[in-house]
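What follows is a single structure, written as structure tokens, with notes after it.
The values are calculated or read from the model by the stated rules, or taken from the named source; none is laboratory data. These numbers come from a predicted model, not from an experiment. Cβ sites come from the backbone with ideal geometry, for glycine too, and all protein chains shown count toward neighbours. Heavy atoms of the whole protein, side chains included, go into the accessibility calculation; ligands, DNA and RNA do not. Shrake-Rupley method; radii C 1.70, N 1.55, O 1.52, S 1.80 Å.
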Amino acid sequence: MTLSLMFEVAMLVSSVCGLLVAVWLLWRARKQRDLQALAGFAIMMAIWCFGHVVLVQGYELLGIYIILANPLMPTFFLHFAILFVNSGQVKQRALDRLSQAMPWCYVISFVVVLQSWWLNAGDTISTLDIRSFFTFTDVGLWNLAYTVLIGILAHGVLLLGWYRHSGNKKRSILAMFGVGAWGLLLATSFVFPSFGISWFPYPMLLLPSYLLLLVYAVVRYQILSVNAFANRALLWFAMMLVILCVIAVISVVSGRIGLQALSNVPSWQLWLYSLLILVVAALVYQPLSRVVSRLIYPGALLNEAVLETWSTELKDAQDWDQLIAVGERLLSAQIRHSVAIQLRESKPRESETSNNILSIQVSRASSGWHFSLLGWSDASPGMRLTADVFASLFTTSCGLLERSLALAATERKRLDEKHLVELGSLSAAMAHELRNPLNIIAMAAYEAPAETRQHIQTQLKRADRLVSDMLVYSGGLSLQIVATPLRALVASIVAQSPLNGVICELNIDDQIELEADPQRLQQVFINLIDNALSFLRSTPNGKLCIDADVQAQHVVIRVHNNGPAIDESLQGEVLFQPFVTKRAGGSGLGLAIVRRIVDAHGGHIQHRADAIWPVTFELTLPRYSTPSRLGKPSHDTT
């Protein structure tokens, strides 16, 4: 292959690459004006390279005219640089004015091109290597100077952007400077003949790489999918270089080892044949890979569409039960076999699940979510592969849901605190406005008959309790943390409560202590016991039982009673919402106050419907206060 043919092929490849890149940029650009300008630069570079091909083919006048249009190339690049830099939070008044003047810049560049055509600013020379190569005449040197000046201005704009921007845009600009240095090195050989330097423009043979690297530097951080393409392209390019080296070695060694026929084949033909084999291998790789995968993993029909469906449906789950239900449905439908998914707090053990049941146990560890396949020993390789892929995706969804629920809980807490502040202001105003007339009614009741006075006093106490509960619920909690004996505290409350025949049993060890605010903790048990007694007084053989035991660093307290069971409609979180009650004369704030106090201590309260008693409330409180509370007289919460 002659150097002239190599030059022509390189220019033709550059032209084709420029057109393909321009079409791709226009397709991806949509409303991104900077990428549209970059597409214009790619088109002009494709036209400029094609001018060299036309020149070599003997159409000298047409080739000269096309090459003399080179001022439009840096003009498009200047337009791109202005739009790329003058975006986001970085806005420069000078760049705004320069952007507004870009139409005039295009006009000036076009006038320079026309004048170059009119004054015959280009010519050709013939060398031993290339039949016809472009040179600038003395008049055409100012065309070259204008082109260089616009290019310097464009890179000056990029330098300003490098100083002003940060993050990915700054990295893109730095990459463009590196590619610009590469392009300068390649283009320098283009002007050598114009200055009397007779040297073959070897660097121009690598010109196709300049445009591709420039576009990659720009879109690498904007269009992430291009990185996957660049990864594959670099891999195939490396394989081409390896083949080139192998062919070079074969050409040298084949004659010495007796393979004379092979040594007589031109190296470029061997390289071309090998490249053809590489292209065929690239084309048949994906189909053969799918065929082999189906042979090794029969029944495993996994593709991007299936994975996208799994990912989308798992992400739509709103809670753990829904996530498990969706996961079981998706995997069971895929492998056509029933699958159970279980969530555990600790690492699963193989012995806990029968081998006859296909299940996936997902557990939460300190390092993240993990899974184990249980009962899959007799499953086919395809089913196991499907289960592995699905389980990996499911653990990722578990992490996403966990973070989503945590954010939702944080937002609910923030809204609750905001609601409490508003409710606190309202409650204080209501207490002030209500207690004055209540006091007047109480004093006026002394003149009423005894039965009427007793009825009025009962209703006044109820109204005062409602006002007090609202103030407690909506006000700030100041915790006075001290070591508190649990049995003594509960026993004192029971002793002061009007049992009226209700049997009360305490199963609390005398040694159990916890660091808590005794006054607030007393309020918790007063509300729970008073609430239970209000139902037990009308229940035959009413019984109240309070027990406690220590579990690790927590104390678990259960308040049982054999009164009427709580309606299913009130169970769960609804039970602890304010103003929810079935108790006659109740304010609906008792359990809400209990939960606020327990939460302030870092504990948890829940209603247990699975206990042997009709009604059970379970409190979990830390035995020891958090370090931030130790040694401090109080802890305020809102």
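Tabulated data
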read-out: Which numbered condition T127 fails, given (1) at pLDDT 80 or above; (2) β-branched (V, I, T); (3) open to solvent by 50 Å² or more (accessible area, probe 1.4 Å); (4) over 30 Å from S99 (Cβ atoms); value: (1)
read-out: Number of the exception - D138 against (1) open to solvent by less than 50 Å² (accessible area, probe 1.4 Å); (2) free of Cβ contacts under 8 Å to residues at least 24 places away in the same chain; value: (1)
read-out: Residues of the range 160-191 that turn out to be open to solvent by 50 Å² or more (accessible area, probe 1.4 Å), touching a residue at least 12 places away in the same chain (Cβ under 8 Å) and over 18 Å from L68 (Cα atoms), as a count; value: 10
read-out: Cβ-Cβ under 9 Å pairs, at least 6 apart or on other chains, the range 351-373 side open to solvent by 50 Å² or more (accessible area, probe 1.4 Å) and among the β-branched types (V, I, T), far side in a strand (DSSP E or B) and modelled with pLDDT of 80 or more; value: I357/A340; I357/L374
read-out: Any strands (runs of 3 or more DSSP E) falling wholly within the range 509-566 and containing at least 3 residues that are crowded, with 20+ Cβ neighbours inside 10 Å and at negative phi; value: 543-551, 554-561
read-out: Residue that is free of Cβ contacts under 8 Å to residues at least 60 places away in the same chain and farther than 16 Å from R623 by Cα, where the choices are P540, P518, P485; value: P540
read-out: S132 closer than 30 Å to V9 by Cβ, among the hydroxyl-bearing types (S, T, Y) and surrounded by 22 or more Cβ atoms within 10 Å (Cβ to Cβ); value: no
read-out: Complete set of residues in the range 150-208 that are touching a strand residue (DSSP E or B) at 6+ places or on another chain (Cβ under 9 Å) and modelled with pLDDT of 80 or more; value: none
read-out: Residue that is nearest to V215 (Cα to Cα), among those in the range 61-111 that are open to solvent by 50 Å² or more (accessible area, probe 1.4 Å) and in contact (Cβ under 8 Å) with a residue 40 or more places away in the chain; value: G88
read-out: Selected residue [of a type in the set (A, V, I, L, M, F, W, C), in contact with a Phe, Trp or Tyr (Cβ under 6 Å, 6 or more places away or on another chain) and closer than 21 Å to A175 by Cβ] from F77, F84; value: F77
read-out: Test: residue in the range 408-422 that is assigned to a helix (DSSP H, G or I), closer than 30 Å to G368 by Cβ, open to solvent by less than 50 Å² (accessible area, probe 1.4 Å) and modelled with pLDDT of 65 or more; value: yes
read-out: Any hit, the range 471-484, residues being at pLDDT 85 or above, of a type outside the set (K, R) and either within 21 Å of D610 (Cα to Cα) or out of contact with any helix residue (DSSP H, G or I) (no Cβ under 7 Å at 6 or more places or on another chain) (or both); value: yes
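Okay, residues lined up against (1) part of a helix (DSSP H, G or I); (2) under 17 Å from M73 (Cβ atoms):
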site	(1), (2)
V139	no, no
Y146	yes, yes
L149	yes, yes
L159	yes, no
S166	no, no
K169	yes, no
I173	yes, no
